[in-house]
Amino acid sequence: MGGDKVDTRANRWLGAFYCILAFNFIQLFLEGFGIGGDLLVHVLELPRWAMLPCLFMAVSHYTSPSLIRKDWIFHFVPWIMFLMFSLVYVIPDLYNEQNRLPELPSWIRFAVRYFFFGQMVYYWVTCFFLLLGHQKNVKMMASFTENVNMEWLRYLLISVLFLMLIRFLDLLNLHITYIAPVLYFLGIMMLAYSTLTQKSIYAIEKYQPRELEGSASKKGSTERLTAEQVQELKNMVMRKTIDEKMYLDPGLTLSILSGKVGISTHELSYILNNGLGKSFYQFINELRTEEAKLLLLSADTKHLDMLGIAIRAGFNSKTTFYTTFKKATTLTPKEYIKANAKAV
């Protein structure tokens, strides 16, 4: 798995999720073939309430590596309660049928049976929005998205959703019992593929709408900027970025540019959003696209392939170059060359 040196906590939580998921499939296998006994099946079932919280903790650490979650234990309180309930009521009953405990109220039986499904939906939705928030944050802070947008994690969550839907349909007896093993196998293959195609993870600072130090004064200073001041700062940012061709640096981030210009990241973001109506990602990659247009039609770069043009223009990959270029011009780089060949 990529990125071991970036955040080992996230990898460990994800590993715990996979381990508990394996226990669940072993339990389903034993139940399906009627082997192992009720006690073994229930022991394998014990960690299931911790499965989705483990996934949530993994996604939380992947998207915010520097975040210290002091409340992590609260996400496992239902699992601890289920564990204690099993140790006191269920396991003794399964181990020795002659010592039966009093019958539990129907609402407790209902909660034990269906709480897991509600928990799955809640944590899946939470994980999905954490990922969306991270991908939005990437475009606020970085001029590149590959290796930091964690698209592989989106595919992993879709795979988990697929497995959840199969389980729901299976429990509802919607005539999929016989094909459920095949569907589960497909879901596991999707899960494995999304994990194996995971790229190395690179940490990126999280955009803060306000600076942590002196946030009140900085917030007030940006809100009090006049239109003339915004225009002046916008021109300063444009001159610094274009004259020094800082956009050619593929690793350029909001914090790096703000340091070069001499303003805070919050002020720079404010200028880009209100003065130019663009995110940092849009601002830098539009400049790179204009640079690429010149390079594509230049006689000095005829010897370069498309990857060479992309790198020369400041893009960190050919995929990002093609995607950004076509979005800006509605043409691929090769189509752009053909369309402008007569003008050269």
note = Restricting attention to the stretch 245-266, the residues that are open to solvent by 50 Å² or more (accessible area, probe 1.4 Å) and either farther than 22 Å from PHE321 by Cα or modelled with pLDDT under 90 (or both) number exactly 6
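Considering only residues that are part of a helix (DSSP H, G or I) and among the basic types (Lys, Arg), which ones fall in the stretch 221-261? Explain how you work it out, then say what you get.
If we filter the stretch 221-261 for residues that are part of a helix (DSSP H, G or I), which is where we start, we get 221-223, 227-243, 246-248, 254-261.
If the condition is that a residue be part of a helix (DSSP H, G or I) and among the basic types (Lys, Arg), then LYS234, ARG239, LYS240, LYS260 are the ones that fit.
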ask   = What residue, of VAL41, VAL59, VAL77, is β-branched (Val, Ile, Thr) and touching an Asp or Glu at 6+ places or on another chain (Cβ under 8 Å)?
value = VAL41
ask   = Could you count how many residues in the stretch 303-321 are farther than 12 Å from ARG288 by Cα, among the hydroxyl-bearing types (Ser, Thr, Tyr) and not in a loop (DSSP other than H, G, I, E, B)?
value = 1
request  = Starting from residues that are under 19 Å from ALA142 (Cβ atoms) and of a type outside the set (A, V, I, L, M, F, W, C), keep the ones in the stretch 229-243 and report whichever is nearest to the chain's Cα centre (by Cα).
outcome  = THR241
inquiry  = Filter the stretch 62-73 down to the residues that are under 21 Å from SER159 (Cβ atoms) and open to solvent by 10 Å² or more (accessible area, probe 1.4 Å) and list them by number.
reply    = THR63
inquiry  = Being under 15 Å from ALA142 (Cβ atoms), among the β-branched types (Val, Ile, Thr) and either open to solvent by 80 Å² or more (accessible area, probe 1.4 Å) or at pLDDT 90 or above (or both): is that true of ILE284 here?
reply    = yes
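Yes or no, residue by residue, for (1) over 16 Å from ALA142 (Cα atoms); (2) part of a helix (DSSP H, G or I):
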{"position": "ILE263", "(1), (2)": "yes, no"}
{"position": "ASN274", "(1), (2)": "yes, yes"}
{"position": "LYS278", "(1), (2)": "no, no"}
{"position": "THR323", "(1), (2)": "yes, yes"}
{"position": "LYS326", "(1), (2)": "yes, yes"}
{"position": "LEU331", "(1), (2)": "yes, no"}
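Okay, residues lined up against (1) over 30 Å from SER269 (Cα atoms); (2) at pLDDT 75 or above; (3) surrounded by 18 or more Cβ atoms within 10 Å (Cβ to Cβ):
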residue: TYR123; (1), (2), (3): yes, yes, yes
residue: GLY133; (1), (2), (3): no, yes, no
residue: LYS136; (1), (2), (3): no, yes, no
residue: MET141; (1), (2), (3): no, no, yes
residue: THR145; (1), (2), (3): no, no, yes
residue: ARG154; (1), (2), (3): no, yes, no
residue: LEU174; (1), (2), (3): yes, no, no
residue: VAL182; (1), (2), (3): yes, yes, no
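The values are calculated or read from the model by the stated rules, or taken from the named source; none is laboratory data. If you're wondering where the values come from, they're calculated on a predicted model, not measured in any experiment. Positions of Cβ are generated from backbone atoms using ideal geometry, with glycine treated the same way; all protein chains shown enter the neighbour counts. Side chains included, ligands, DNA and RNA excluded: accessible areas come from the protein's heavy atoms. Shrake-Rupley method; radii C 1.70, N 1.55, O 1.52, S 1.80 Å.
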